[in-house]
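Report on the structure given below.
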Amino acid sequence: MNSFWVILTGALVASSCGLLGCFLILRRMAMLGDAISHAVLPGIVIAFLWSGSRETLPMLLGAGALGLLTVFLVQLLHQNGVKSDAAIGVTFTALFSIGVILVSQYTQQVDLDLDCVLYGEIAYVPWDTWEWAGMDMGPRAVWGLGGVFLLSLLLISLFYKQFKVCAFDPAMAAAVGIPVVLFHYLLMGLVSLTTVASFESVGAILVVAMLVVPAATAYLLTDKLHVMLIYSVIIGIISSVLGYALATWLDSSIAGAITTVTGLLFLLAFLFSPRYGLVVRAWHRRTMRWDQQTNL
Amino acid sequence: MNVWQLLQDPNTQWVLAGCILLGVSSGVLGCFAFLRGRSLMGDALAHAALPGVCLAYIVSGSKSIGLFLIGAAIAGLIASYCIAMITKHSRIKEDSALAIVLSVFFGFGIVLLTYIQHSNQGNQSGLDKFLFGQAASLVGDDVVAMIVVSATLLLLTTLLFKEFKLLVFDSGFGRGLGYPMELLDGLLMLLLLVSVVIGLQAVGVVLVAAMLIAPAVTARYWTEKLGIMVVLSGCFGALSGVLGTLFSTQAENLPTGPVIVLAATCFFLFSLVFSPSRGILFRFISFLKLRQKVLQDDVLQALYERMESDHAQMPYQLRRGYTVESLAAKSGKRAASVQQALSALHRLGLVEPAASSPTADSWTFTSAGLKAAYELVLNRRLWDVYLMNEHHYQSLSIDLNQEALTTQLSPSDLEEMLHHLESYNLTPKLTENNMYAGQLQTSKQGGIS
């Protein structure tokens with residue numbers, strides 16, 4: 001049963017990240033996802049100190065606010081003439097430093113482990129259960145992640161067309177009257193929520209992996225956005241299952257193993273994707289040359 | 001313990017020296033990375049170093065700092081090679097490639113780290129220090145190694161300064177000159193990697209990127225010259241190192257790395273606001289000044305044009321003043337801002353309250369003001385003519401960003417344009433000379449030339 005919960009958690013993380021990651025990749029904001037996942041740390045600590053408990057809601061609010069603040073600051077610096085990559089770098093490292101300092105100052109009150117912040121511990125998920133009306137409702141993380149996943153799914157399917165146009169051609173989106181900035185912040189808000197919900201189980205860096213790697217793999221496999229979304233979710237789920245197996249075999253961090261598996265899947269797609277794979281394209285070139293020679 | 005006593009402590013001296021060296025070398029190399037648009041590369045390289053450190057431990061079984069750094073450097077090299085491969089051979093863009101390599105390498109590093117921890121071979125407690133860094137644990141040997149490494153870095157950067165400058169600003173031109181740009185790019189990446197690796201121990205994986213970015217961005221605010229920028233950036237890095245170390249020794253349980261990063265961020269924020277040429281404050285002030293000048297010009301023009309049309313109709317009733325309201329209506333501004341502009345112009349000696357006015361609140365030009373307004377209106381109307389017939393004047397190569405048009409024209413072109421202006425009946429007709437004279441003889445040449 002515990003394995004089931006762990007795999008389910010991993011799959012939920014992978015699915016919600018996979019959905020959002022596609023848009024991040026298309027809008028060339030992969031590193032913004034990285035920045036958000038680091039910068040939510042002070043939000044979590046402040047929410048922790050303020051509410052005095054590990055309740056999910058204040059944490060989601062605190063981290064969501066910090067995530068949006070990050071996006072806002074990056075935008076602000078960019079508007080004031082700082083290159084966007086430097087703006088991202090300065091913002092997230094500053095916020096992360098504040099977070100680390102807060103943790104080390106309030107180390108007695110804050111039951112947060114910095115290592116855990118960075119790479120999470122998904123193996124503890126099944127024991128942190130949520131009791132409601134005296135009934136054991138299963139792990140709290142699963143509920144939190146499930147909620148965030150459903151929210152992302154709902155918003156993306158409701159505004160699919162708007163998100164799509166914004167992702168491919170923001171200028172055209174603005175021209176046809178789509179509030180581009182609103183959708184930008186909506187997407188970033190969802191990314192922050194997902195980051196926080198995944199935080200305890202997989203940690204900051206591995207959220208980035210789940211956000212970017214499955215989506216990039218899917219991007220190598222298809223040219224259609226809706227297919228890409230589906231592939232991305234499927235690849236995420238496959239990696240969480242295989243990653244769990246790898247982790248049990250090696251007796252290592254589950255989240256790290258899941259990331260390693262996504263990396264391997266990406267490598268496979270990079271080499272053997274039917275249209276964009278390195279090996280496949282080399283093969284095509286060879287057969288083409290061969291055809292030419294026989295035709296001559 | 002006060003700061004002076006602290007500086008006597010040899011332990012603090014080592015830590016301080018280490019942080020200063022880190023600040024200088026990453027500040028200097030960060031400049032090139034920043035200008036090359038590779039600011040986040042440092043972040044990726046730092047994360048990618050983790051599996052290298054773990055593998056070095058697994059292979060050697062010892063906790064030698066030197067081996068760790070070599071392992072980290074090799075892993076970083078592989079990572080930068082992967083990033084280059086992914087961007088070159090697939091349709092994935094550089095930012096996604098960075099994020100992919102960063103997270104996958106780090107994830108793999110975590111797998112190795114936990115594998116080592118769980119397999120319990122010997123004492124592995126030093127390994128996770130690399131995650132967040134521990135400047136306080138820097139000892140003499142580390143600092144000596146850092147001195148050697150950063151001296152080499154600085155020497156190489158100085159020797160190759162011109163080449164790197166080419167690489168950063170115009171690598172295509174450099175290739176044209178016959179420099180091996182690919183090789184130089186690789187070398188720059190290698191130097192960047194080394195500076196990241198020596199930073200790992202002090203500030204850790206996550207924050208080492210900040211030491212590359214923040215000082216460089218800060219220095220960019222104060223100069224336009226690469227040489228000065230590199231020196232400034234090194235100084236900012238060193239200062240952040242000093243401040244961070246000193247602050248973190250003042251309070252209990254304050255980690256050095258994050259404090260150094262926050263110090264660097266404070267320098268950046270200060271420059272962002274107060275830099276004399278690019279700062280927010282400066283640009284806001286010059287924006288306000290510009291807005292005021294435009295307002296004053298508009299008011300001058302409104303007053304001039306009111307006078308001009310009255311003069312055309314009733315040439316003998318001049319020197320009558322014009323009220324704020326009528327000028328506001330003419331220029332389309334709010335009366336309050338017109339009033340403000342008029343008092344500013346009055347201080348400049350360009351307008352004065354009309355002597356023989358029926359109401360107290362009415363204004364007219366001084367003679368200097370009339371001259372200034374004439375120049376202004378002429379310039380603006382010439383611009384109108386130029387823009388209306390842009391195709392006609394294309395050969396003149398006018399800079400649209402300059403304010404004055406007349407200075408950009410040769411006498412014959414000016415003559416032609418004035419002629420053109422006349423044909424629209426737009427020549428400013430009010431000058432000091434004809435102020436009291438009879439109605440101006442308007443020439444009747446019609447038609448557009």
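The values are calculated or read from the model by the stated rules, or taken from the named source; none is laboratory data. Keep in mind it's a predicted model, so treat the numbers as computed, not measured. Quick reminder, even Gly has a Cβ in these numbers, built from the backbone with ideal geometry, and neighbours come from all protein chains shown. With ligands, DNA and RNA removed, areas are computed over all heavy atoms of the protein, side chains included. Shrake-Rupley method; radii C 1.70, N 1.55, O 1.52, S 1.80 Å.
Some points to look at:
- Residues that are more than 17 Å from A:ALA63 (Cα to Cα) and among the aliphatic types (A, V, I, L, M) were ranked within the stretch A:138-154; the one that is least open to solvent (accessible area, probe 1.4 Å) is A:VAL142.
- For the stretch A:19-27, the criterion of being away from every other protein chain (no Cβ under 14 Å) and either open to solvent by less than 40 Å² (accessible area, probe 1.4 Å) or closer than 28 Å to A:LEU221 by Cβ (or both) is met by at least one residue.
- Test: A:ALA255 is in a helix (DSSP H, G or I) and at pLDDT 90 or above: no
- Scanning the stretch A:160-183 for residues that are under 20 Å from the mean Cα position of the chain (by Cα) and of a type in the set (D, E, K, R) turns up just one, A:LYS164.
- Pick from the stretch A:28-58, criterion more than 10 Å from chain B (Cβ to nearest Cβ) and either of a type in the set (Gly, Ala, Ser) or assigned to a loop (DSSP other than H, G, I, E, B) (or both), ranking: nearest to A:PHE168 (Cα to Cα): A:ALA39
- From the list B:ALA79, B:ALA72, B:ALA84, B:ALA44, the one residue that fits, being on the phi < 0 side of the Ramachandran plot and within 11 Å of chain A (Cβ to nearest Cβ), is B:ALA44.
- Qualifying residue in the stretch B:200-208 (condition: out of contact with any Lys or Arg (no Cβ under 7 Å at 6 or more places or on another chain), more than 14 Å from every other protein chain (Cβ to nearest Cβ) and open to solvent by 10 Å² or more (accessible area, probe 1.4 Å)): yes
- Residues in the stretch B:47-67 that are assigned to a helix (DSSP H, G or I), in contact (Cβ under 8 Å) with a residue 60 or more places away in the chain and more than 14 Å from chain A (Cβ to nearest Cβ): B:VAL53, B:TYR57, B:ILE65, B:GLY66.
- Selection count, the stretch A:218-253, where residues are open to solvent by 70 Å² or more (accessible area, probe 1.4 Å), of a type in the set (Phe, Trp, Tyr) and more than 18 Å from A:TYR160 (Cα to Cα): 1
- Filter result for A:VAL125 (of a type outside the set (Lys, Arg), over 25 Å from A:PHE72 (Cα atoms), open to solvent by less than 70 Å² (accessible area, probe 1.4 Å) and at pLDDT below 85): yes
- The stretch B:74-94, residues that are open to solvent by less than 30 Å² (accessible area, probe 1.4 Å) and assigned to a helix (DSSP H, G or I): B:ALA75, B:GLY76, B:ALA79, B:SER80, B:ILE83, B:ILE86
- Residue selected from the stretch B:246-263 under the condition closer than 13 Å to B:MET211 by Cβ and touching a residue at least 60 places away in the same chain (Cβ under 8 Å), by the criterion farthest from the other protein chains (Cβ to nearest Cβ): B:THR256
- Checked against (1) without any contact (Cβ under 8 Å) to a residue 40 or more places away in the chain; (2) assigned to a helix (DSSP H, G or I); (3) among the small types (Gly, Ala, Ser), B:GLY42 meets all criteria but (1).
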